[in-house]
Structures are given as structure tokens and as C-alpha cells.
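Below is one structure, written out as C-alpha cells; comments come after it.
What follows is calculated from the coordinates using simple rules that are stated; it is not laboratory data. Being a predicted model, the structure only gives us computed values, none of them experimental. Because the Cβ atoms are built from the backbone with ideal geometry, glycine has one as well, and the counts that use them run over all protein chains shown.
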Amino acid sequence: MSEIARVAGVGRVTLYGHFADREELVGAVFARTMDSAEAELAAVDLEQDTWVCLQELVQSSWRVLYQFNSLMAAAERYFSAEQIRAHHDKPLARVMAVLEKGRNEGIFRTDHSLTWQAACFYSILHGAAAEIRAGRLAEVDAARILPSTIRALLVPPSEPAR
């Protein structure tokens with residue numbers, strides 16, 4: 001907390017006046033960040049072509065996640081996956097709307113549940129962020145391959161699964 005106060009240009013007492021501990025501070029920053037993320041994701045037009053919409057949603061989601069990659073790493077140290085997921089309600093609703101739209105149009109596979117597809121969507125994005133933090137993936141490569149990776153998840157199989 002001392003280092004955070006120093007970087008923020010405030011005294012420790014001031015910081016502790018607003019946040020009891022680092023966990024509370026990270027939680028507040030994470031919640032505020034998710035609000036900012038929602039504002040960026042809201043710019044994606046859900047009425048446009050579904051594949052274009054999906055690509056824009058993946059790219060917007062990735063920009064937000066990459067920008068706040070360090071914050072995500074900090075949040076993962078303090079909060080359970082369920083707590084982090086709770087902050088994704090609005091972005092999740094947007095992803096679910098696109099998935100449902102694609103299913104209704106017959107262009108997304110329907111043999112997997114919506115909740116599974118949404119979980120995979122987020123897992124792939126967060127997995128890419130973790131790979132970047134570990135030094136095994138470059139951001140430019142992640143940005144290039146994420147749309148096609150998620151598209152492959154949703155394209156109906158050409159033949160029935162065995």
C-alpha cells in the first residue's frame with residue numbers, strides 16, 4: 001500500500017482512509033475498469049452482420065483486456081474466478097446476445113450450450129493474456145489470432161461428431 005500511495009502521489013493515511021487494504025483497493029479499481037470496458041464494448045453495433053459483430057466484439061474485448069492485463073493478474077491473486085466473473089455481467093450479456101443472434105441465423109453451432117460458448121470466449125481471451133504475461137505470446141500475435149480462434153469455436157461442424 002505504501003508503494004501504491006507513493007505512485008499515486010498521496011499519503012498512506014489518505015489511501016487507507018479510502019481503502020482498508022490492498023484487496024479492497026484492487027476490487028475498486030477492477031470494478032471501475034469493468035465499467036470502462038463496458039463503455040468501449042457498448043460501441044459495438046449488435047445489429048450489423050453477425051460475423052463482423054463478433055470480430056469487433058473480440059477485438060474490443062481484447063483491447064480492453066490487454067490494456068488492463070496487469071490489473072487482471074492482480075485481481076486473480078485476490079479474487080476467485082466466480083468473483084471476477086461477477087464483474088463481467090454486462091460484457092457477458094453482450095457476448096450472449098451475439099451468440100444467440102448467430103444461433104438464430106443458423107451460422108453458429110448449436111450443439112454446445114450458450115454458457116459453454118461464452119465461457120470459452122472468455123477463457124480464450126484470458127488465456128492469451130496469461131500467455132503474454134508468461135512471455136510465450138506476443139500481443140500482436142494474440143490480436144491477430146484471437147478472432148479466428150473464437151470463430152473456429154462457433155462454426156458448425158461440417159459433419160456430425162462421432
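Would you mind ranking I132, I145 by Cβ crowding within 10 Å, fewest neighbours first? Let's see the in-between values first.
Values: I132 17, I145 13.
In increasing order of surrounding Cβ atoms, one gets I145, I132.
Using the crude model of +1 on Lys and Arg Cβ and -1 on Asp and Glu Cβ, and no other charge, please compute the dipole size for segment 45-162 relative to its Cα centre, in debye to 20. If you can, show how the numbers build up before the last one.
Details: 13 positive and 14 negative charges, 60 e Å.
Charge dipole of segment 45-162: 280 debye, to the nearest 20.
Sorted fewest first by neighbouring Cβ atoms within 10 angstrom, R151, R136, R94 come out as R136, R151, R94. Give the Debye-formula value of log10 I(q)/I(0) at each listed q (0.10, 0.12, 0.26 Å⁻¹), with one equal scatterer per alpha carbon of segment 44-126, two decimals each. After summing over all Cα pairs, the log10 values are -0.26, -0.37, -1.39.
Please find the FRET efficiency linking S70 to A39, where r is the Cβ-Cβ separation and R0 is fixed at 22 Å, and quote it to the nearest 0.05. The calculated FRET efficiency here is 0.65.
With the convex hull drawn around the C-alpha atoms of the chain, the volume per residue stands at 134 Å³. The residue among S158, V44, S148 whose Cα reaches farthest toward the positive pole of the charge dipole of the chain, with charges on the beta-carbon of Lys, Arg, Asp and Glu, is S148. Can you classify segment 1-82 as rounded, prolate or oblate using the Cα gyration tensor, where a ≥ b ≥ c are the square roots of its eigenvalues, rounded means a/c under 1.5, and otherwise it's prolate if a/b beats b/c and oblate if not? Taking the square roots of the gyration eigenvalues as a ≥ b ≥ c, segment 1-82 is prolate.
Just report the Cα centroid separation between segment 1-80 and segment 110-139, whole Å. What the calculation gives is 17 Å, centre to centre.
Largest GNM mean-square fluctuation among A134, A143, A93, using the chain with Cα springs under 10 Å: A134.
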